[in-house]
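Where a number appears in this text, it was derived from the coordinates with a stated rule and is not lab data. Quantities reported herein were computed from a predicted structural model and do not represent experimental measurements. Positions of Cβ are generated from backbone atoms using ideal geometry, with glycine treated the same way; all protein chains shown enter the neighbour counts.
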Amino acid sequence: MEQSLILVKPDGVERGLVGEVISRIEKKGLRLAALKMVRIDEALARVHYRDHVAKPFFPDLLSFITRSPVVAMVVEGNDCVELMRALIGATKHTEAAPGTIRGDYAYSFTENLVHGSDSPESARREIGIFFSPDEIFSQG
Ligand code: IDP
Ligand code: MG
């Protein structure tokens, strides 16, 4: 079963939108296989966002993502990675379509509520950063 690493980022937890995000995932027919609250520190952020560490926005992203806990999830289902990207919406707040999570709730480029893996390969790598195999309850 295809899996994706989903984070409700600090802004989403602070704004009380964890239930809203989980509700949309479940209503879509995707399944939670793992879930926990985690405080991301600088080292973890540099591993998770390894492709972005040299980008100009990384300092802002680092201070944001380490500011308060995130809710980390493994979501699974057919075409899970693509479906989650569609539910989440475009990265930039001004481009995310209404009806998507970011389109409905995000008003900042950096603080855009949710992370979703961008490919099955990224998903495998990112899931391994946040979860050990015994924490994941896959349905196959
Ligand atoms: P994604 O989260 O939609 O996959 P990425 O390009 O992987 O987008 O960027 C990771 C995160 O870094 C974004 O979700 C957003 O929080 C932040 N970010 C990306 N590009 C910018 C930017 O140009 N300005 C500010 N923040 C950005
Ligand atoms: Mg990304």
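How large is ³J(HN,Hα) for each residue in segment 129-138, as worked out from phi by the Karplus curve 6.51 cos²θ - 1.76 cosθ + 1.60 (θ = phi - 60°), to whole Hz, x for Gly and Pro?
Ordered by residue, 3J(HN,Hα) equals 6, 9, 9, 8, x, 6, 8, 10, 10, 7 Hz.
In whole percent, what relative contact order does the chain give with Cα contacts below 8 Å and a gap of six or more residues? The partial results should precede the final answer.
Working: 235 pairs, mean separation 53.6, N = 140.
After rounding, I find 38 percent.
Taking the Cα centre of the chain as origin and charging only Cβ (+1 Lys, Arg; -1 Asp, Glu), how large is the dipole, in debye to the nearest 20? Intermediate results must be reported in sequence, preceding the final value.
Working: 17 positive and 20 negative charges, 29 e Å.
Using only the charged Cβ atoms, the result is roughly 140 debye.
Could you tell me whether segment 23-64 comes out rounded, prolate or oblate from its Cα gyration tensor? Rule is a ≥ b ≥ c as square roots of the eigenvalues, rounded for a/c under 1.5, then prolate if a/b exceeds b/c, otherwise oblate. It would help to have the intermediate numbers written out before the result.
Numbers: a/c = 2.94, a/b = 2.18, b/c = 1.35.
Judged from the Cα gyration tensor, segment 23-64 comes out prolate (a/c at least 1.5, a/b above b/c).
Given the options L83, N112, P56, identify the residue whose Cα lies farthest towards the positive end of the charge dipole of segment 44-140 (+1 on Cβ of Lys, Arg; -1 on Cβ of Asp, Glu).
Working it through, the farthest residue towards the positive pole turns out to be P56.
Hey, can you grab everything whose amide H is under 5 Å from the amide H of A33? Only 5+ residues off in sequence or another chain; H modelled, so Pro and N-termini drop out.
Sorted by chain and number, the residues that satisfy this are V74, V75, E76.
Hey, which lysines would be in cross-link range of K55, C-alpha to C-alpha under 26 Å, not counting anything within fewer than 8 residues on its own chain?
K9, K92
Tally Lys/Arg at +1 and Asp/Glu at -1 over every other residue whose Cβ is under 15 Å from the Cβ of E26; what's the total?
On the way: positive: R24, K27, K28, R31; negative: E20, E76.
Net charge around E26: +2.
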